[in-house]
Every structure is written in C-alpha cells, then in structure tokens.
Amino acid sequence: MLWTDSFRNRILFNASKAYIKQLEKTKEYKLLQPVYALSLINDTFEHQLPDFYHHYQIVNLLHPERQLKGLEFVFIELPKFKPQNISDKKLQVLWLRYLTEIEDGTQNISAELFENIEIKEALEHIQESSFSKDELEQYDRYWDSVRTEKTLYLDAEIKGRAEGKAEGKAEGRAEGKAEGELLNSYKVCMSAIRMNMKNEDINKLTNLRFEKINKIIQLLQKYGDDAENHLSEV
C-alpha cells in the first residue's frame with residue numbers, strides 16, 4: 001500500500017483495537033499479550049533515512065531504554081530494499097511471490113513456497129486467520145483430537161514395548177509398532193477428512209499417499225460412522 005497520514009492512523013487504530021480485543025470482561029489485565037503491527041509499504045515515507053526497516057516502540061523520552069511493552073510497530077519500505085547477495089535475492093523473490101500470489105480463495109500454492117520454513121509458517125497463519133470464529137473453534141478441536149489420539153497411541157506403544165520386552169518378542173514389537181503407526185495415521189486421516197481438510201494438508205499431516213487418503217474417503221462414504229472398523233480394507 002501507499003503511505004498516507006490516514007494509513008498511519010489506521011495502523012495505530014487497528015493495533016490498539018487488536019490489543020484491547022484480547023481482554024474479555026472475565027479475564028485479567030496480566031493476560032494481555034504484546035501486539036506487533038507489521039506494515040509493508042510500497043512507498044517511501046522516511047525520505048531522510050536510508051533504512052528500509054523501521055521499528056517503533058513506546059519508550060521514555062529521556063531514557064529510551066525504558067519501554068512500555070504491549071504495542072510495537074514495524075514499517076518496511078519496499079522500494080528501499082536492495083538484496084545484498086543471491087540468497088537475499090531468492091528470499092526476496094519468495095516473499096514477493098507470497099505477497100502477490102496468495103489471495104482470498106487461493107487453492108494451489110507452489111511447492112517452492114513451502115520449502116522455506118518462515119514462509120510455510122506464514123501460509124499456515126494466513127489460512128488460520130481466514131477462519132470464522134466457529135471454524136477456528138472447529139480447527140482447534142480437530143488438532144486437540146489429533147494430539148489426544150497421538151497421546152493414546154504413544155501410551156499404548158510404550159505399554160506394548162514394555163510387554164514385548166518382558167516376553168522377548170523383538171520382532172513382534174517391531175511389526176506391532178509399524179502396524180500401530182500406520183493404523184494411527186489412518187485414524188488421524190479419517191478425523192482430518194471429517195474436518196473437511198484438503199488432501200494436500202492431510203498428506204503433510206500424516207505422510208500418507210494420496211491413494212491411501214482417497215481410499216479412506218471412499219470408506220467414509222461407504223460405511224459412514226462405522227468406517228473405522230473397516231480400515232483393514234485400505
């Protein structure tokens with residue numbers, strides 16, 4: 001966006017609103033978390049400064065090292081940014097692709113963007129930020145169910161290893177562990193399908209091939225709530 005006084009005021013307003021909206025009537029002030037307003041500006045507003053990165057905090061004028069924490073503002077002047085090496089240029093291109101290719105309703109995302117850890121995280125955040133309140137609660141419940149299933153599986157695995165060790169069945173433990181891991185992946189996949197997650201996301205979550213994911217989808221369509229009892233057909 002281009003720089004205007006109205007834009008600056010809007011940033012101040014929205015960041016302050018984001019800070020205030022954290023606190024419900026039943027919560028304490030100490031639970032408030034810092035808010036960082038990040039603005040990427042396709043314009044130059046600090047004409048007297050060579051820096052493209054501007055970080056503002058609320059500080060004591062006489063003692064700038066003393067800070068009121070809670071609100072911070074970061075402005076990046078894109079026209080001033082000049083990559084210094086090949087690595088910087090590649091990263092610049094990836095972030096600019098992220099800024100220009102990811103729009104509302106984007107379904108197909110280049111694999112190159114997922115190769116960078118920071119950009120992959122940004123993609124996950126932007127997906128989460130597009131959820132409604134109900135969708136976000138459903139999303140949280142989904143991941144809670146995934147964590148619960150993994151915990152139950154790990155508990156069973158630990159118990160199985162202990163019993164196997166006592167009985168001296170090393171080969172059986174290895175086979176049982178592999179089968180248990182695969183069955184757990186099938187169950188996680190089934191939960192993800194019920195949450196209407198995309199096959200690409202399920203693949204990243206479970207490492208299952210798309211062929212297996214599609215077979216589990218077919219099981220759910222055929223058996224409904226009883227599909228879990230037919231996972232041996234996958």
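Is it the case that region 101-113 has a residue that's under 26 Å from residue 184 (Cα atoms), assigned to a helix (DSSP H, G or I) and either modelled with pLDDT of 65 or more or of a type in the set (Lys, Arg) (or both)? Working first, answer last.
Residues of region 101-113 under 26 Å from residue 184 (Cα atoms): none.
Within region 101-113 (the criterion being under 26 Å from residue 184 (Cα atoms), assigned to a helix (DSSP H, G or I) and either modelled with pLDDT of 65 or more or of a type in the set (Lys, Arg) (or both)), the answer is no, since none of the residues qualifies.
Within region 48-68, identify whether any single residue is touching a residue at least 12 places away in the same chain (Cβ under 8 Å) and in a helix (DSSP H, G or I), and answer yes or no.
Initially, region 48-68 is screened for residues touching a residue at least 12 places away in the same chain (Cβ under 8 Å), giving 50-58.
After this cut, where a residue has to be in a helix (DSSP H, G or I) as well, the list is none.
No, region 48-68 contains no residue that is touching a residue at least 12 places away in the same chain (Cβ under 8 Å) and in a helix (DSSP H, G or I).
If residue 39 satisfies all but one of (1) touching a helix residue (DSSP H, G or I) at 6+ places or on another chain (Cβ under 6 Å); (2) in a loop (DSSP other than H, G, I, E, B), what's the number of the condition it fails?
(2)
Name, by its number, the condition in (1) modelled with pLDDT of 70 or more; (2) assigned to a helix (DSSP H, G or I); (3) outside the structural domain of residue 110 (by TED's automatic domain parsing) that does not hold for residue 208.
(2)
Can you confirm whether region 56-68 contains a residue that is within 29 Å of the chain's Cα centre (by Cα), closer than 28 Å to residue 123 by Cβ and not β-branched (Val, Ile, Thr)?
Yes, region 56-68 contains at least one residue that is within 29 Å of the chain's Cα centre (by Cα), closer than 28 Å to residue 123 by Cβ and not β-branched (Val, Ile, Thr).
For residue 45, indicate whether it is over 30 Å from residue 112 (Cβ atoms), among the hydrophobic types (A, V, I, L, M, F, W, C), in contact (Cβ under 8 Å) with a residue 24 or more places away in the chain and not assigned by TED's automatic domain parsing to the domain that holds residue 117.
yes
Give the residue, chosen from 205, 183, that is crowded, with 16+ Cβ neighbours inside 10 Å and of a type in the set (A, V, I, L, M, F, W, C). Talk me through it step by step, then tell me what you get.
Values: 183 fails: crowded, with 16+ Cβ neighbours inside 10 Å.
Exactly one of 205, 183 is crowded, with 16+ Cβ neighbours inside 10 Å and of a type in the set (A, V, I, L, M, F, W, C), namely 205.
The values are calculated or read from the model by the stated rules, or taken from the named source; none is laboratory data. All of these numbers come straight from a predicted model, not from anything done at the bench. All Cβ positions, glycine included, derive from the backbone under ideal geometry; neighbour counts span all protein chains shown.
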